[in-house]
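Below is one structure, written out as structure tokens; comments come after it.
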Amino acid sequence: MLRAETVDRIVRFDSRGLPVSSVYARIDADPGLREDLHARVTSLLDEVNPLAKNEAADHDARLSIRADIDRIKESLAQERWQPGAIAIFACSGRNLYEEVPLPRGVRDEVAVDATPHVRPMLTVLDEFHRTCVAVVDKASARLWEIYQDELREVGKVRGQALRKPNYSAGRVEERVRNKADELTKRHYRNVVQLLDELFRSEDFDLLIIGGHEFEVPAFIDFLPKDLRSLVAGTFSIDPTEPVLAEVRANADAILQSYERAEEQQLVTDIFDKLASGGLAVAGLDRCLWAGSIAAVDTLLALDGAAVPGVVCPKSGWLARSGDTCPLCGNPTRPTPDIIDELAQEVIAEGGSIKHITGDDRLAEPLTAASIRFPLPPEPAG
Ligand SMILES: [Zn+2]
């Protein structure tokens, strides 16, 4: 399973002057398309091949790219990549080789650059919340973890339920009912305790609750405030024999609308801040300047947007154009996607990024950001 540390290591990777090879490839679920995958990845690597053979280029750089290509071909031949997509980051001269499985397809792409090309990977990963799904009834509970494409059982509780009494006379019946209520409460408290432990020891973001429509609200009443605030939604399912596919489909639908709502809220927050003169900027140029001086807290970028630009390798200045960095006077290097460079910079400085899929308010500015301090005037270019 993909760990946050792996992503972090790739994003912060410093190649100290050597080129980094980044490859993205879609992996189809149909094994009959294996040959097609082979052809696609081989043709991506063929695009890079001239760089490995270019006698005019730096010797170490050539050797490193050559070794990257060999290593990726070797891995391709082993045919062990899972359906979805694979992202590969290699810089053999600096001992970097990471394969990151992605849960959904991305565009096939290859890049050889001074830094890893991480944005497609981040775009996919930031859509996934680590979620706990609990299917609960009066006497039992099953808990699963959902992260990316995996559904894994993480807990089970079986409470004591009273068997249906076969006697029924006034006060006895009432006593039996009270006893049943008592057992249900005790069971709910056990489930809550288990959830509480899980959320403390593992890094869950969200909680989804399934069960009988008439029982779920009562269970939610038992959740402490901090857990209740993480409930992304509830769904109705027969809790005695929950069908996994049904659990998954319900949870996915809840997560999807949660994600859209969250994106829209982020956009709203930043535009509200901007309107009231707070710490926010909108538009690519302003965001690039904010990124150049490590001022970005949260960057919102329109999913799929790519704009060419320049980066100063010395000071980290980012802009759409300019041969010379106005901050330090060094020559800049061109990049096919300055938003990608900005995203890397933001992550490296401890900020966060959110790729926004469907919000028209970002169509024109492409990016917007909350910032940590008011921006100083931009240097004259
Ligand atoms: Zn500079």
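Read-outs throughout are calculated quantities, based only on the coordinates presented, and are distinct from any laboratory measurement. On a predicted model such as this, the values are computed, not experimentally measured, just so you know. So basically every Cβ, Gly included, is an ideal-geometry build from the backbone, and we count neighbours across all protein chains shown.
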Open item on the list: Considering all alpha-carbon pairs of the chain, what whole percent are spaced by more than 32 angstrom?
Closed with: 48 percent
Task: Extension gain from Arg361 to Glu98, taking 0.36 nm per residue of separation minus the Cα-Cα distance - done: 91.1 nm
Task: Ranking of Val157, Val311 by count of other Cβ atoms within 10 Å, fewest first - done: Val157, Val311
Task: Pair-distance profile P(r), taking every C-alpha pair of region 189-281, with 10 angstrom steps and integer % - done: 14, 35, 31, 14, 6, 0
Open item on the list: Using a 7 Å offset from the Cα along the Cα-to-Cβ direction at both Gln264 and Cys328, what is the distance between the two label points in nm, to one decimal?
Closed with: 4.4 nm
TODO: Find the all-direction average of the projected area of the Cα convex hull for region 229-381, expressing the result in square nanometres with one decimal place.
DONE: 11.5 nm²
Open item on the list: If I model a spin label at Asp70 and Glu150 as a point 7 Å from the Cα along the Cα→Cβ vector, what separation in nanometres do I get?
Closed with: 3.2 nm
- [ ] Taking the Cβ of each residue in Cys312, Cys287, Cys328 as the centre, tally the other Cβ atoms inside 10 Å and list the residues starting with the fewest.
- [x] Cys328, Cys312, Cys287
TODO: Compute the Cα gyration tensor for region 103-162, then decide on rounded, prolate or oblate, letting a ≥ b ≥ c be the square roots of its eigenvalues: rounded whenever a/c is under 1.5, prolate when a/b is larger than b/c in the other cases, and oblate in all that remain.
DONE: prolate
Task: Potential lengthening between His59 and Asp36 on full extension [0.36 nm per residue; Cα-Cα distance subtracted] - done: 5.0 nm
Task: Relative exposure of Phe214, Phe219, Phe235, judged by other C-beta atoms within 10 Å (fewest first) - done: Phe214, Phe235, Phe219
Open item on the list: Suppose only helical runs count, i.e. DSSP H with n ≥ 4. What mean residue ellipticity at 222 nm does that imply for the chain under -39500 (n - 2.57) per run, divided by all residues and rounded to the nearest 500 deg cm²/dmol?
Closed with: -13000 deg cm²/dmol
- [ ] If a cysteine in the chain has no other Cys Cβ under 4.7 Å from its own Cβ, put it on the list, ordered by number.
- [x] Cys91, Cys132, Cys287, Cys328
Task: the chain: relative contact order in percent, alpha carbon pairs under 8 Å with at least 6 residues between - done: 13 percent
TODO: Return the tail of the calculated pair distribution for region 217-257, meaning the percent of Cα-Cα pairs more than 12 Å apart.
DONE: 65 percent
Open item on the list: So if each residue of separation counts as 0.36 nm, and I subtract the Cα-Cα distance between Thr6 and Lys314, what length gain in nm does that give?
Closed with: 108.3 nm
TODO: Quickly work out the Arg130-to-Gln193 label distance, labels modelled 7 Å from Cα along the C-beta direction, and quote it in nm with one decimal.
DONE: 2.4 nm
- [ ] Only helices at least 18 Å long along their axis, Cα-based, and averaging -1.0 or more on Kyte-Doolittle count here, so list those DSSP H runs from the chain.
- [x] 34-53, 59-78, 244-275
Task: Contact order normalised by residue count of region 1-157, Cα under 8 Å, 6+ apart, percent - done: 27 percent
